[in-house]
Structures are given as structure tokens and as C-alpha cells.
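K.L.:
Please see the structure below; I have some questions.
Just so it is clear, none of the values below were taken in a lab; they were calculated from the coordinates. Only a predicted model underlies this, so the values are computations on that prediction, with no experimental measurement involved. A quick note on method: Cβ atoms are made from the backbone with ideal geometry, for glycine too, and the neighbour counts reach across all protein chains shown.
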Amino acid sequence: MLKNISRGGLALLCFFCLLVVTRAQEKGIEEPGIVAGIDPATEVRLGTLFRDEQIKDYSLSTNQVYIEEVNRVGHRIANSIGERPDLADDWEFTVIDSPTVNAMATGGGKVIVL
């Protein structure tokens, strides 16, 4: 799956996903009809539900080397950013077995890496 991506490329991919999530939080909600943002617990629940919906048609990777590397790099980046201490224990990185190299992040600290 990730045979052709270097460690640096994987780190950059994880960093980009985390950057998108944290920058989206800074902008806030500006849509008409929305009164306030959601609390962190609800954000985690919704992020988990969305992540589960996105991965249901895929196989999870069994490559422990990639899984450990994605988790190590992802948590290292999340901890160094430190903008969402309320999510410190909720960051979760899911590695999908796919020939496509991509990643996405949902609310609540859920990151999917393909």
C-alpha cells in the first residue's frame, strides 16, 4: 500500500491532515442559522461516526510497520501543535489497505490514511 511513499512523505501527509483540522477550528462557524459550535465530546462522537462510515467499504491495513509509523508521526505532530488540548487523548489514526495514497481528517481528531 504505502511501499512507494517515503517516511518524509508520510510525515508531510500526516502533518497536512492535522494542519487542515486545526486551521478549520480557528476559522469558526460562519453559516447563517448556526448559533454556536459543538462541544468537544460531541465533536469526537461525530468524527468517529463519520470515520466509521467512510472506512466501512475498505479493509484495514494489517501492516504493523505502517500503522505504527502513522501513529507515531501523527501523535507527534498532534502533540507539538498543541492547539486542541481537549483532543489530546482522542487523536486516532486509521490506516486503510488501498493502492491509493491519500488521507483525510474528520472532526474530533480522527485521521484516515490510505
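K.L.:
List, in order, the whole-Hz ³J(HN,Hα) value for each residue of region 64-75 obtained from phi through the Karplus relation with A = 6.51, B = -1.76, C = 1.60 and θ = phi - 60°; use x for Gly and Pro.
P.N.:
Here the 3J(HN,Hα) series is 4, 4, 5, 4, 5, 5, 4, 5, 4, 5, x, 5 Hz.
K.L.:
Go through 84-91, 68-75 and give me the packing order, highest mean Cβ count within 10 Å leading. Please report the intermediate quantities before stating the final value.
P.N.:
Values: 84-91: 14.9, 68-75: 18.2.
Going by the mean number of other Cβ atoms within 10 Å, highest first, we get 68-75, 84-91.
K.L.:
A follow-up question, please. Under a 5 Å amide H to amide H cut-off, with H placed in plane at 1.01 Å, what residues pair with Asp97 once short-range neighbours are removed?
P.N.:
When sequence neighbours closer than 5 places are left aside, the close amide H contacts are Ser59, Leu60, Ser61.
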